[in-house]
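> One structure is given below, represented as structure tokens, and several questions about it will come after.
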Amino acid sequence: MGEDIQKPLTSRMSVALAWGLISSRTLINKILKKHSISDTGAETYISELIWREFYKYIMYHNPHCMNMELQTKKRNIMWREGKQAKIYFQKWIQAQTGYKIIDSAMHQIIQTGWMHNRARMIVASVLTKNLGIDWRWGQDYFRSVLLDLDEASNNGGWQWGASVGIDPKPIRIFNPYSQQERFDPDEKYIKKYLPKDYDLKEPIIDHKIARAEALARYNLNIIK
Ligand SMILES: Cc1cc2nc3c(=O)[nH]c(=O)nc-3n(C[C@H](O)[C@H](O)[C@H](O)COP(=O)(O)OP(=O)(O)OC[C@H]3O[C@@H](n4cnc5c(N)ncnc54)[C@H](O)[C@@H]3O)c2cc1C
């Protein structure tokens, strides 16, 4: 397990799971043959698989969530609309946001059909919080490109990323710069996926301004 997004130490089993080549149950049984549940690695890995199963449980009991916020109080967010929304969305898809970590991740998904969980969380946060775009647009885009598409996990990930689903916090706004410093300090990920002629110097929207707009959009008055 690991948070190094450049050289992920994760299992990359999501494609096999999504295509039904193996089940969570088989994986857990294999792990428990070799490890005790209290081994840190085993416990962490099983807990990841439980997220997958948990999202399936949520979707089974709340099928309307496919297109609706799980949290009823978050159903009136005024997502950006019109021409500006379409321009922002296209820039996000085309890896032209000017946030290097986001643009690298969006290149990765095009080139490989996969993205590290950390990168998925950051791109979802930037699309919904910084750009104010409806999470359903992101969910649809991921649906069209992910090799490991799992409708329940994709929906759960997007609802989490947009702070409208399973999450006790009222809102999480990832700072793309500090996320880059934390998870790609040597810019290895960026160098791997950003094209050599990438020359965007300014972000599509200043992070501080975007943050303030997001808090207003979510109708939250949080100073921190
Ligand atoms: C916006 C967004 C969209 C996502 N869409 C999908 C999707 O369509 N399909 C998909 O399988 N996962 C999705 N995820 C969850 C997660 O990103 C991937 O499961 C993980 O990156 C797959 O890599 P891995 O197999 O190396 O994971 P590992 O870390 O090795 O984990 C092992 C397995 O546990 C499960 N798992 C791990 N983390 C999560 C998680 N946060 N939520 C649900 N299950 C998890 C997966 O089945 C994974 O294969 C999404 C997350 C976000 C934030």
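> Which percent of Cα-Cα pairs in region 101-151 sits in each 10 Å bin, short to long?
26, 62, 12
> On to the next question. May I ask you to derive the relative contact order of the chain, considering only C-alpha pairs under 8 Å and at least 6 residues apart, and to give it as an integer percent? The partial results should precede the final answer.
Working: 243 pairs, mean separation 58.5, N = 224.
The normalised contact order for the chain reaches 26 percent.
> Also, quick follow-up: May I ask for log10 I(q)/I(0) of the chain at q = 0.09 Å⁻¹, from a Debye sum over the Cα atoms as equal point scatterers with solvent left out?
Cα-only, vacuum Debye calculation for the chain: -0.38.
> Radius of gyration and Dmax for region 67-115's Cα atoms, expressed in Å?
So, for region 67-115, Rg and Dmax equal 14.0, 37 Å respectively.
> Subtract the Cα-Cα distance of ILE209 and THR40 from 0.36 nm times their separation in residues, and report this length gain in nm to one decimal.
Numbers: separation 169, 0.36 × 169 = 60.84 nm, distance 4.03 nm.
Once the chain is fully extended between ILE209 and THR40, it gains 56.8 nm.
> When the helix-only estimate is applied to the chain (DSSP H runs of n ≥ 4, each -39,500 (n - 2.57), divided by the residue count), what is the mean residue ellipticity at 222 nm, nearest 500 deg cm²/dmol?
Details: 11 runs with 119 residues, N = 224.
-16000 deg cm²/dmol, from helical runs alone.
> Lys and Arg at +1, Asp and Glu at -1: add these up for the other residues within a Cβ distance under 14 Å of ALA216 and post the number. Let's see the in-between values first.
Values: positive: ARG80, LYS129, LYS208, ARG211, ARG217; negative: GLU213.
Spelling it out: positives minus negatives among the neighbours equals +4.
> Averaging the inverse of every distinct alpha carbon separation and then flipping it gives the Kirkwood radius. What is it for region 88-129, in angstrom units?
Details: mean 1/r = 0.1003 Å⁻¹.
Across region 88-129, the inverse of the average 1/r is 10.0 Å.
> Loop sites only, by DSSP: take the GluC sites (Glu not before Pro) in the chain that have at most 13 other C-beta atoms within 10 Å and name the longest stretch containing none of them. Don't skip to the end; give the middle numbers.
Details: sites that count: GLU3, GLU81.
By the stated rule (loop sites, at most 13 other Cβ atoms within 10 Å), 82-224.
> In nm², what is the average projected area of the convex hull enclosing the Cα atoms of region 14-65? Write out the running numbers ahead of the final one.
On the way: hull surface 16.5 nm².
With every direction weighted equally, the projected area is 4.1 nm².
> Follow-up. Between ILE190, ILE93, ILE37, which gets the highest mean-square fluctuation from a Gaussian network model of the chain, Cα cutoff 10 Å?
Greatest mean-square fluctuation among the candidates belongs to ILE37.
> Among TYR141, GLY41, THR112, whose Cα sits farthest toward the positive end of the charge dipole of the chain (+1 at Cβ of Lys/Arg, -1 at Cβ of Asp/Glu, about the Cα centre)?
Value computed over the given set: TYR141.
> If each of LEU21 and ILE50 carries a label point 7 Å out from its Cα toward its Cβ, how far apart are those two points in nm?
With each label placed 7 Å out from Cα toward Cβ, I get 2.7 nm.
> Fully extended, how many nm does the chain gain between TRP79 and ASP167 (0.36 nm per residue separation, minus their Cα-Cα distance)? It would help to have the intermediate numbers written out before the result.
Values: separation 88, 0.36 × 88 = 31.68 nm, distance 1.96 nm.
Residue separation times 0.36 nm, minus the Cα-Cα distance, leaves 29.7 nm.
> Let me ask something additional. Report the residue, chosen from SER38, SER11, SER23, that carries the largest GNM mean-square fluctuation when the chain is represented by alpha-carbon nodes joined by springs under 10 Å.
The residue with the greatest mean-square fluctuation here is SER38.
> Angle between the Cα long axis of helix 82-93 and the longest principal axis of the chain, 0 to 90 degrees, nearest 10?
Tilt relative to the chain: about 50 degrees.
> Something else: Take the cross-link list LYS74/LYS169; LYS30/LYS56; LYS129/LYS169; LYS56/LYS169 and give me the ones stretching past 18 Å between alpha-carbons.
Pairs exceeding the cut-off: LYS30/LYS56; LYS56/LYS169.
> Using the beta-carbon distance between GLN71 and LEU200 and R0 = 22 Å, what value does 1/(1 + (r/R0)^6) give for FRET efficiency, to the nearest 0.05?
Details: r = 34 Å, r/R0 = 1.56.
Between GLN71 and LEU200 the formula returns 0.05.
> Once Lys and Arg get +1 and Asp and Glu get -1 on their Cβ, which of GLN90, ILE205, ILE190 lies farthest toward the positive end of the dipole of region 72-217?
ILE205
> Now for a different question. If you average over every viewing direction, what projected area does the convex hull of the Cα atoms of region 119-224 give, in nm²?
Numbers: hull surface 31.0 nm².
For region 119-224, averaging the hull's shadow over all directions gives 7.8 nm².
> How big is D for region 1-103, in µm² s⁻¹ as a whole number, if Stokes-Einstein is applied with the Kirkwood radius of its Cα pairs at 20 °C and 1.002 mPa s? Before the final figure, lay out each step's value.
Details: Rh = 17.5 Å.
Once the numbers are plugged in, D ends up at 123 µm²/s.
> For ARG52, ARG25, what ranking results if the residue with the fewest other Cβ atoms within 10 Å of its Cβ goes first? Mind dumping the intermediate values first?
Details: ARG52 18, ARG25 10.
So the ranking, lowest neighbour count to highest, is ARG25, ARG52.
> Same structure, new question: Taking 0.36 nm per intervening residue step and subtracting the Cα-Cα distance, what contour gain separates LEU9 from VAL145 on full extension? It would help to have the intermediate numbers written out before the result.
Numbers: separation 136, 0.36 × 136 = 48.96 nm, distance 2.22 nm.
This chain segment gains 46.7 nm when fully extended.
Here, each number is a calculation from the coordinates, and none is a lab measurement. Since the structure is predicted, the reported quantities are computational estimates derived from the model, not experimental observations. Ideal geometry is used to build each Cβ from the backbone, glycine not excepted, and the neighbour counts take in all protein chains shown.
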